[in-house]
Structures are given as structure tokens and as C-alpha cells.
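**Student:** Can you keep this structure in mind? I'll have questions shortly.
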Amino acid sequence: MNTNAKSKTTDLIKEVLPCVSIVFTLLLQLMIPDSASHPQADAHYFTYVLWISLVVWALIFILSFFRQNVRKKLIYKGYFIAGAILFLNIVNLLTVKSALLPVLYFPSLDRIFGVLITDRQLILKCLLYSIRLLSVGFLSGAVIGIISGIAIGFSKTVSYWLMPVVRVLGPIPSTAWIPLVLVCFPSAVSASTFLIAVAVWFPTTIMTSSGISNVQNSYFEVSRTLGAGKLAQIFEVGVPAAMPHMFLGLFNGTCSSFITLVTAEMIGAKYGIGWYVNWQKELLAYANVYAGLIVIAVVFSILITLLFKVRDKVLLWQKGVIKW
Amino acid sequence: MVGELSIKGVTKRFRREGEEDVIALNGVNLNIKAGSFVSLIGPSGCGKSTLLRLIAGLSDADEGELQLDGKKIVGTSYERGLVFQNPTLFPWLNIQDNVAFGLKVRHIHRQNKSLVKEYIKLVGLEGFEKSYPHQLSGGMCQRASLARSLVGKPKVLLLDEPLGALDAFTRMNMQDELLRIWKEENMTMIMVTHDVDEAIYLSDKVIVMSPRPAKIEQVIDIEMGRPRARSNPDFLQYRSKILKILNFGGNVEDISYYI
């Protein structure tokens, strides 16, 4: 067999592998009876998930014969998807099929997926609360961070007074402010918003100001000989040149805002995805905890991807400062 | 015609912590006629870039005065454009926006949109308006930065080794371009260079400077018609004259012959 034919066969294997992995998991799920020590789920939700993904991947597999770009993606992702499903398969075997892992802490996949469906209204409500809190906190932290970063970067006086404050206060994890914040703010919502804003503000300020001070001096000099005044030097040269750094700061800020969000919601929030996870943990409802974590993971990675999409648009001129 | 420069007794020192000041320019007197092409040449440390920065207004003289058309130079202005050795195009703007930058920050972009096009054409970058600097070659970037400085119609264009980073062929090409633009635009151009041939090929006047203390050694008028041939005997004579001032002439007289 020549190498070309050989690589074609491996490509085909990569394409089929996700479906094979799903079918294999489905067979084990249907054939092995559930362990008696696991509480019964009200339906076999994991089986439904497997059926749905089998249909989806089969459709993608068929589509890949007509669309070259779909085919390439499928070949590239083939091993990973198959591996991910194999992981779920193993988890399923270790939990509900054999009860090898502690039953209380490792509920069956049927029950975890079940929570996502039966408890969806509460989860959605919590998610909306969290997103509201996150967006208000993030936006105010980012805006103030960019403003203070620019001010520190351009003004020696501001830098003299503000930089030490930033250096001392910035590295304090924003959740450490909780005792103080609880006293200073009238409501849990405003307190949590403040904490998230602080978490975003610090990295944004640091990266923006360091980005501006790293701008080549010749850019400013050239702009001056072209007739740029002080304002034009700041907003037409300094800010766009520091943009890659700014996004780095915003990215770090986004990550710490997620951490802060989940923690901040533990201080007397009424709803929120962090509150949900915490509350369910106290009720020892671990299926709900895992469901909450899945929602957090999916939503946060969507938000990060969005941020990077914006960055790619804005930084068209510069390719990949950090890869995602 | 505008663009006459007069430099009177200009001295510039750089202060160093705990050491003696470095004299970057020592009592320089110089008159540059409007619309002429002048080269500043000399070894590193002779203050030619410092002089250029003083004319641009990027730094201030410690003694003496610089005047453009009889007005004292204070700070930077679009009247005195500057082109660096590295093109320093703004990497976040495409070529068109780079060229338009000066007009935009002076809020006269709207009524001068055709000007941007015109200058992009003048430097031969038509079709690259939407490209970003990193997509272009060094020579093309240097053309773009030339257009960016020219579009604001400066009275004086200062060129700090603008062709220094280019390969020999691109360089000779760009020298002709520069001459063509200079003739079309009728402006004063002052260029810092390390290259004696380049100085003679382009200039009306070559100003030879010497270091320690940095001062003007000699001003040489190049009395040749244009276009100049690099192999012309006059050209070669100017060349050996300048090299001699710079102490690169070689001791021709001292060669003794053994029989």
C-alpha cells in the first residue's frame, strides 16, 4: 500500500471514529444493567444524549463527503471527539454501572444530564442573574481600567500618585475584600458588582499602562512632525499601539472575573450560577453541582471566545498575540 | 518660494549623570536656501541627526537659534516633516490611513481626500491602499512613509538616513524617486546620510561634519547638472574631496616607490 492510500485510510478512520465511539458507549449503556446502589434517575437521559450525538455526528459524517471544509475539520477533530466520548463511557462505567466511585459524590450521568433538563428553569434564571452581574461588573471594571491605564501611561503626575496604589491594592485577590465590601455596600448585588469590577480593573490598568509605556517613541515623534497634538498622540497613537496589551489585560480580567463571580455569589446572593452550585453542594445534590459546573464551563468558554473574536476584529493588523 | 532655514550659533549638550556633558553640536552656523537639496554627512557622533532633530523641533537648542522663513522654530510642526530610517509606519493602520494620518489629526482630511490618493500614486503605491505595513517590503514602506510626510505639504522635509535600511538596487531606485518628488514638490529637503555617493548624487550642497566636538567641517557646493552620472569625472572628484575631508582619502602622496 502506498503512503497516499494509507493516509486516506487513516483519514477515513478518523472520520468514522466518533460514531464508533458513540455506538460503543451506547451498547454498553444499554446492555449493562445499572448498579442497584445508585439512586434511579427519572429517565435514561445519558442514553438520549448519546442518541442525539450519534444522529448529529452521522449527519456531519455524511455532510463531510460533500463539503471539503467540514471533512477537514472532522478529520482534525476525529480523535478528540472519540476520546471525549470514551471518557464519558468510562465515567459511566465507573459510576452507575459498577458503583466503583463513591455513589454520593459521583452521581450517574443520567442524573447529571437529567438536572439540566428538569431543573432548566432555575438554572436559566441563575444564569441570567450571573450574566447581568458579570456584564455590569466587567464593563465598569474594564472601562475604569482602560481610563486609569491610559492616565498612568501618559501622565507622570497620575502615575506618581496612582501607580503605588495599583501596585499595593491590585494583587489582593478581590474576594479578600468581601468582609469590607459587605459593610460598605447596601446590597449584595452592588457588593458583588464592585468585587468583579475590581478583579477586572487591576489587570486592565496594569496592562494598558505598560502597553502605552512600551510604545516606540519614534511613533510619537513621527506623529508630532505630522501635526498631532497631545490628544491625537494619546488616542491616535498610544491607545491603538497599546491595544494588544489592553486585550491581554482584559483577558486576564475576564478570567479573574469568573472566579470572583462564583465566589461573590456566595455572599448572600438570591440567584446566580455560583450560588446555585454552592447551594446544591450544601444539599449534597451532587448531580446538580455537576450540572451547574457544566453550564459554567460552557458559558464562560463562549464568553472568552467572544472576547477573542472581538480582539481578532480589532487587531486585524496584528496576528495572534496569544492563541486561543 | 518658502522653506529657507537659518541656523545661528546653535549648541546642544547632552547631560550625563556624574560625567562631563557631551557636546552634540558646537556653535553651528548654516543657511539653507529655499527649495534646495542638502545632505549632512559625517561619521557617527558628528551631530548630524541631532541637528535634524533640532530643525524638526523634537529637541531644543541650548544656545543659538533656528529659524524657518525668519520665524523661530519652537516645538514640532507639520511644516517640518520627518522621515526616519525605519519607516515607522503605524502598524495598526493600512497604507491609505497611514498616509492620511497627518491630515486627520489636523482635521483637514475631508476636504483633502483626493490628496491622499494623489500622493500614494506619486510614490508608486497604487493598489496597496488597503494593505498593512507588515505586508509590504522595506522599500515600499519607506515610500509610504515618504507619502505620509509629503501629503501635509511641509516647507522642509527632513530625511534621517531614509534609504539606509534598503538594499543597493532599491536604494538607487529610491534616490531617483526622491529627486523626482523633490523637483515636483519644490520643497527644501535635508537628508542625513552615511553614503558619500548618495550625497553627491542628490544634493545641491553637501555639509561635511566632524565629531568631538561635533561641528561643521566644510560645506561643498555640488555644481553639476542633473541627472548626474556616478562615473562622471567631476563626480569622482567631489567624491575624493569629501572622502579626504573625512580622512578616508588614503595617503596617496606618501606612497614611495622602490626601484
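**Student:** Of all residues in segment A:240-261, count the ones that are among the aromatic types (Phe, Trp, Tyr) and either under 12 Å from the mean Cα position of the chain (by Cα) or away from every other protein chain (no Cβ under 14 Å) (or both). Quick ask: steps written out before the conclusion?
**Tutor:** Our first condition is that a residue be among the aromatic types (Phe, Trp, Tyr); within segment A:240-261, this holds for A:247, A:251, A:258.
Cutting the leftovers down to either under 12 Å from the mean Cα position of the chain (by Cα) or away from every other protein chain (no Cβ under 14 Å) (or both) gives us A:251, A:258.
So the answer is 2.
**Student:** Keeping to segment B:76-97, report how many residues are more than 8 Å from chain A (Cβ to nearest Cβ) and over 19 Å from B:Phe128 (Cα atoms).
**Tutor:** Qualifying residue count, segment B:76-97: 3.
**Student:** Only one residue in A:Val91, A:Val103 is outside any loop (DSSP other than H, G, I, E, B) and either at pLDDT 90 or above or open to solvent by less than 60 Å² (accessible area, probe 1.4 Å) (or both). Which one?
**Tutor:** Values: A:Val103 fails: outside any loop (DSSP other than H, G, I, E, B).
Among A:Val91, A:Val103, only A:Val91 is outside any loop (DSSP other than H, G, I, E, B) and either at pLDDT 90 or above or open to solvent by less than 60 Å² (accessible area, probe 1.4 Å) (or both).
**Student:** Which condition number in (1) under 23 Å from B:Pro43 (Cα atoms); (2) touching a Gly at 6+ places or on another chain (Cβ under 8 Å) is the one that B:Met189 fails?
**Tutor:** (2)
Results for (1) within 14 Å of chain B (Cβ to nearest Cβ); (2) open to solvent by less than 20 Å² (accessible area, probe 1.4 Å); (3) without any contact (Cβ under 8 Å) to a residue 40 or more places away in the chain, shown as yes or no for each residue.
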site: A:Leu139; (1), (2), (3): no, no, yes
site: A:Leu180; (1), (2), (3): no, no, yes
site: A:Gly211; (1), (2), (3): yes, yes, no
site: A:Arg224; (1), (2), (3): yes, no, yes
site: A:Gly238; (1), (2), (3): yes, yes, no
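**Student:** Only one residue in A:Glu236, A:Glu282 is charged (D, E, K, R) and closer than 25 Å to A:Ala188 by Cβ, so which one is that? Even if it seems obvious, please write down each step before you answer.
**Tutor:** Values: A:Glu236 fails: closer than 25 Å to A:Ala188 by Cβ.
It is A:Glu282.
**Student:** Turning to a different aspect of this structure: Keeping to segment A:213-222, report how many residues are more than 10 Å from every other protein chain (Cβ to nearest Cβ), open to solvent by 30 Å² or more (accessible area, probe 1.4 Å) and not in a helix (DSSP H, G or I).
**Tutor:** Total meeting the criteria: 1.
Yes/no per residue for (1) within 14 Å of another protein chain (Cβ to nearest Cβ); (2) without any contact (Cβ under 8 Å) to a residue 40 or more places away in the chain:
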position: A:Ile267; (1), (2): no, no
position: A:Tyr271; (1), (2): no, no
position: A:Trp275; (1), (2): no, no
position: A:Asn278; (1), (2): no, yes
position: A:Leu284; (1), (2): no, no
position: A:Ile294; (1), (2): no, no
position: A:Phe300; (1), (2): no, no
position: A:Thr305; (1), (2): no, yes
position: A:Trp317; (1), (2): yes, yes
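**Student:** Just name the residue that is nearest to the other protein chains (Cβ to nearest Cβ) out of those in segment A:187-198 that are open to solvent by 10 Å² or more (accessible area, probe 1.4 Å) and in a helix (DSSP H, G or I). Show your work before the answer.
**Tutor:** To start, the set of residues in segment A:187-198 that are open to solvent by 10 Å² or more (accessible area, probe 1.4 Å) comprises A:187-190, A:193-194, A:197-198.
With in a helix (DSSP H, G or I) added as a condition, the list becomes A:188-190, A:193-194, A:197-198.
On the way: A:Ala188: 42, A:Val189: 38, A:Ser190: 37, A:Thr193: 33, A:Phe194: 34, A:Ala197: 28, A:Val198: 30 Å.
Filtering first and then ranking leaves A:Ala197.
**Student:** How many residues does segment B:98-127 hold that are surrounded by fewer than 18 Cβ atoms within 10 Å (Cβ to Cβ) and either at the interface with chain A (Cβ under 10 Å from one of its Cβ atoms) or outside any helix (DSSP H, G or I) (or both)?
**Tutor:** 7
**Student:** Whether any residue in segment A:243-262 is open to solvent by less than 20 Å² (accessible area, probe 1.4 Å) and closer than 30 Å to B:Leu146 by Cα is what I want to check.
**Tutor:** yes
**Student:** A further question on this structure: Provide a single number: the residues in segment B:138-171 that are more than 16 Å from B:Leu122 (Cα to Cα), away from every other protein chain (no Cβ under 11 Å) and either of a type outside the set (A, V, I, L, M) or surrounded by fewer than 16 Cβ atoms within 10 Å (Cβ to Cβ) (or both).
**Tutor:** Residues meeting the conditions: 10.
**Student:** Sticking with this one: Under 6 Å between Cβ atoms, at least 6 apart or on separate chains: pull out the pairs that start in segment B:48-65 with a residue that is open to solvent by 50 Å² or more (accessible area, probe 1.4 Å) and end on any residue that is of a type in the set (Gly, Ala, Ser) and in a loop (DSSP other than H, G, I, E, B).
**Tutor:** Close Cβ pairs (under 6 Å, with a partner that is of a type in the set (Gly, Ala, Ser) and in a loop (DSSP other than H, G, I, E, B)) amount to B:Arg53/B:Ser59.
**Student:** Now for a different question. B:Met191 versus (1) in a strand (DSSP E or B); (2) open to solvent by 10 Å² or more (accessible area, probe 1.4 Å): which is the lone unmet condition?
**Tutor:** Unmet condition: (2).
The values are calculated or read from the model by the stated rules, or taken from the named source; none is laboratory data. Values in this document were obtained by computation on a predicted structure and should not be read as measured data. Backbone-built Cβ (ideal geometry, glycine too); neighbour counts: all protein chains shown. Note: areas computed on protein heavy atoms with side chains; ligands, DNA, RNA excluded. Shrake-Rupley method; radii C 1.70, N 1.55, O 1.52, S 1.80 Å.
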